[in-house]
1. Given the conditions (1) crowded, with 19+ Cβ neighbours inside 10 Å; (2) aliphatic (A, V, I, L, M); (3) part of a loop (DSSP other than H, G, I, E, B), and given that Ala231 satisfies all but one, which numbered condition is not satisfied?
2. Suppose we keep only residues that are modelled with pLDDT of 95 or more and among the β-branched types (Val, Ile, Thr) within segment 75-100. Which one would you say is farthest from the chain's Cα centre (by Cα)?
3. For Ser195, indicate whether it is assigned by TED's automatic domain parsing to the domain that holds Arg79 and either more than 23 Å from Arg160 (Cβ to Cβ) or of a type outside the set (Gly, Ala, Ser) (or both).
Amino acid sequence: MLPASRKELLLQRLRHDGRIVAKEIADELGLSEDSIRRDLRELDEAGLAVRVYGGALPASPAVADYAARTAVAPESKRRVAATAAALIKPGATVILDGGTTTLAMVDAIPRTFQGTIITHSPTVAAALLNHEAEVLLIGGQLFKHSAVACGAAAVEAANRISADLFFLGVTGVHATTGLTTGDADEAAMKRTLASRAAETFVLASEEKIGAASRYGVLPFAEVAGIVTDVATSDPTARELVAAGARLVHAQRKRAAKA
């Protein structure tokens with residue numbers, strides 16, 4: 001089998017099974033594990049898979065640049081955003097992470113909301129200009145890929161706040177790797193923000209479920225719930241529940257009957 005055909009087969013298996021075990025696929029194809037590992041390494045370098053011990057997991061499409069992510073699963077993001085916004089009580093202090101789903105949350109939060117919204121995303125802060133809520137913007141070095149402030153100054157500022165809720169954006173939600181994102185500094189900032197809130201809820205639109213990125217953020221046990229519109233009957237959703245995740249399901253609208 002030619003290398004290109006082999007890689008396409010590996011990608012098909014990732015899409016179908018949600019993981020690859022190098023030894024198993026090598027035995028099946030009658031190839032050496034070294035050949036499979038080399039293929040997986042090249043797929044990882046191309047951003048098409050995430051190598052883990054013994055194999056690989058599907059790479060998240062949510063690690064694309066910010067502009068590209070706005071076009072990924074917009075309806076799913078709106079459903080997740082609406083369900084997440086409904087968790088906010090009047091007068092609450094809320095931390096919003098950066099990202100396109102939290103930006104969708106701004107539209108879902110009533111403009112008359114009287115609480116406080118804290119964010120390290122200038123994009124999210126600007127979108128809140130017409131809301132009545134008090135808005136606090138955490139500053140620091142701008143991480144342009146996600147349009148958020150990170151680094152030492154941002155962490156120091158975050159450690160001086162406290163909130164009722166934190167809505168966390170991630171790029172991967174996988175039963176094996178947990179909650180992940182594509183940058184180490186951003187992962188550290190997310191952990192800091194989570195430590196400043198009484199409860200953390202994860203925003204997980206459909207493209208993030210079953211996908212993985214390089215850097216771990218938090219284990220499932222440290223978040224109050226994962227807001228997603230993936231159906232409860234979905235095999236990946238069942239794997240997440242078995243791994244200890246608590247899913248908060250956003251409802252998909254049923255198609256109208258003719």
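The values are calculated or read from the model by the stated rules, or taken from the named source; none is laboratory data. These numbers were taken from a predicted model, which means no experiment stands behind them. Cβ sites come from the backbone with ideal geometry, for glycine too, and all protein chains shown count toward neighbours.
1. Of everything listed in (1) crowded, with 19+ Cβ neighbours inside 10 Å; (2) aliphatic (A, V, I, L, M); (3) part of a loop (DSSP other than H, G, I, E, B), Ala231 misses just condition (1).
2. Step by step, filter segment 75-100, then rank; the result is Thr93.
3. Taking the combined requirement at face value, the residue does not satisfy it.
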